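**Q** Structure provided below as structure tokens; questions to follow.
The values are calculated or read from the model by the stated rules, or taken from the named source; none is laboratory data. Not measured: the values here are computed from a predicted model. Here the Cβ positions follow ideal geometry from the backbone for every residue, glycine too, while neighbour counts run over all protein chains shown.
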Amino acid sequence: MAEVLSQNEIDALLAALSTGEVNAEEIRKEDSDRKIKVYDFKRAMRFSKDHIRSITRIFENFARLLTTYFSAQLRTFVQISVASVDQLPYEEFIRSISKMTILNVFNARPLEGNFVMEINPLIAYAMLDRLLGGSGTGTDELRDLTEIEMTIMERVFGRALDNFGEAWKAVVDLETELEHLEVNPQFLQLVSPNETVAVVSLSTKIGETTGMITICMPHVVLEPIIPKLSADFMMGGIKSTKDHSEDWEAIRQNLGRAPVPMVAELGSSTISVREFLALGVGDVIPLDQDINAKIRLRIGERVKFLGQPGTQRGKVAVQISNVLDEGVGEDE
């Protein structure tokens, strides 16, 4: 916001101009200089601030999905959150990552082109150690992965990429597929060096090991869906008008046909193993329930009905006399 001059300051400035103490041309030059902004064509800003905010929201959801997925796979404490979202030339991204790392190259149909997910070696080795039965501490020594380790990594990260499509579902339906795994970034050439890419850094903690998971998305690949990253679209500017009543009816009918076990309990009794082995024809086992009491009918593990035993057309039957709305648990 421009500074507002008082009347005394205005009078002093006019006096200085009239006496020659201040040069009007210099003032005009300074004012002109302030309107000039340096623009580096090698770092073209092709994503607007609105696009960056939308990408941040998408990857916050992706980070939560990855946290759940890796926690279940590794059975240990995993915490993943968005650290930053930047746009920079592809060449600068390649130079920023270490010479030996884990690079998952994948596509997201129907988009044409590839994305890459770079895993910090410390994080990758900690995951591998945990999957192979270790404590998940990882190692500081960088080494080439064996064929077995490569196969394990491909399977784990291939399934993790399913969450990528889930995170983008609010914008577009994407079907991800891991194409190959690379360890040397110098052999990875997705786009031209000067192409602008969006780089999302995810801060990752597995047990006591911390590192970064970085996703690189070229602008040329995202270009078909860039309009959908606007605030209007993300905040629900386009609403679904599909009627889901038929879907709910189909679900209800399928649930109605699902078989459930139903058991009528005449009562229960406790006997010793010796008594059980000595049972013979004609022996009587006393139950803990009176003969005139209503019997319990169980649906699964819940007592849902009370009824009276009898026969129907020559077959054993139970007549329901009471419905227990909430059901009764095993211990009740």
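**Q** Sort out which residues of the stretch 145-185 are surrounded by fewer than 14 Cβ atoms within 10 Å (Cβ to Cβ) and of a type in the set (Val, Ile, Thr), and write them in order of number.
**A** Passing the criteria: THR146, ILE148, THR151.
**Q** Another question, then. Quick one: what pairs do we get from the stretch 44-64, first residue of a type outside the set (Val, Ile, Thr) and part of a helix (DSSP H, G or I), second surrounded by 21 or more Cβ atoms within 10 Å (Cβ to Cβ) and modelled with pLDDT under 85, C-beta under 6 Å, 6+ apart or different chains?
**A** HIS51/LEU229; SER54/LEU229
**Q** Which one is farthest from SER135 (Cα to Cα) among residues in the stretch 202-216 that are polar (S, T, N, Q) and surrounded by fewer than 17 Cβ atoms within 10 Å (Cβ to Cβ)? Explain how you work it out, then say what you get.
**A** So in the stretch 202-216, the residues polar (S, T, N, Q) come out as 203-204, 209-210, 214.
Now restrict to residues that are surrounded by fewer than 17 Cβ atoms within 10 Å (Cβ to Cβ): 203, 210.
Working: SER203: 21, THR210: 15 Å.
My answer is SER203.
**Q** Sticking with this structure for a sec: So, LEU142, is that one touching a Pro at 6+ places or on another chain (Cβ under 7 Å), surrounded by 12 or more Cβ atoms within 10 Å (Cβ to Cβ) and modelled with pLDDT under 90 or not?
**A** Judged against the criteria, LEU142 is a match.
**Q** Can you tell me which of ASP325, ASP290 is more than 54 Å from the chain's Cα centre (by Cα), loosely packed, with under 10 Cβ neighbours inside 10 Å, of a type outside the set (Phe, Trp, Tyr) and modelled with pLDDT under 85? Walk me through how you get there before you give the answer.
**A** Working: ASP325 fails: more than 54 Å from the chain's Cα centre (by Cα).
When all the criteria are applied, what remains is ASP290.
**Q** Can I ask one more? Does ALA264 satisfy being touching a residue at least 40 places away in the same chain (Cβ under 8 Å), under 51 Å from the mean Cα position of the chain (by Cα) and either closer than 19 Å to GLY310 by Cα or not in a loop (DSSP other than H, G, I, E, B) (or both)? First the steps, then the outcome.
**A** Values: touching a residue at least 40 places away in the same chain (Cβ under 8 Å): yes; under 51 Å from the mean Cα position of the chain (by Cα): yes; either closer than 19 Å to GLY310 by Cα or not in a loop (DSSP other than H, G, I, E, B) (or both): yes.
So ALA264 passes the test.
**Q** Would you pick out the residues in the stretch 186-201 that are of a type outside the set (A, V, I, L, M, F, W, C) and either at pLDDT 80 or above or surrounded by 15 or more Cβ atoms within 10 Å (Cβ to Cβ) (or both)? Spell out how you get there, then give the answer.
**A** Taking the stretch 186-201 as the starting set, the residues that turn out to be of a type outside the set (A, V, I, L, M, F, W, C) are 186, 189, 192-196, 201.
Hits for the stretch 186-201 are GLN189, SER192, PRO193, ASN194, GLU195, THR196, SER201.
**Q** Given the criteria surrounded by 19 or more Cβ atoms within 10 Å (Cβ to Cβ) and either among the charged types (D, E, K, R) or within 20 Å of the chain's Cα centre (by Cα) (or both), does VAL105 qualify? Write out each step before concluding.
**A** Values: surrounded by 19 or more Cβ atoms within 10 Å (Cβ to Cβ): no; either among the charged types (D, E, K, R) or within 20 Å of the chain's Cα centre (by Cα) (or both): yes.
No; evaluated as a whole, the condition is false for this residue.
**Q** Just to be sure I understand, how many residues within the stretch 202-219 are at pLDDT below 85 and under 20 Å from ARG53 (Cβ atoms)?
**A** 0
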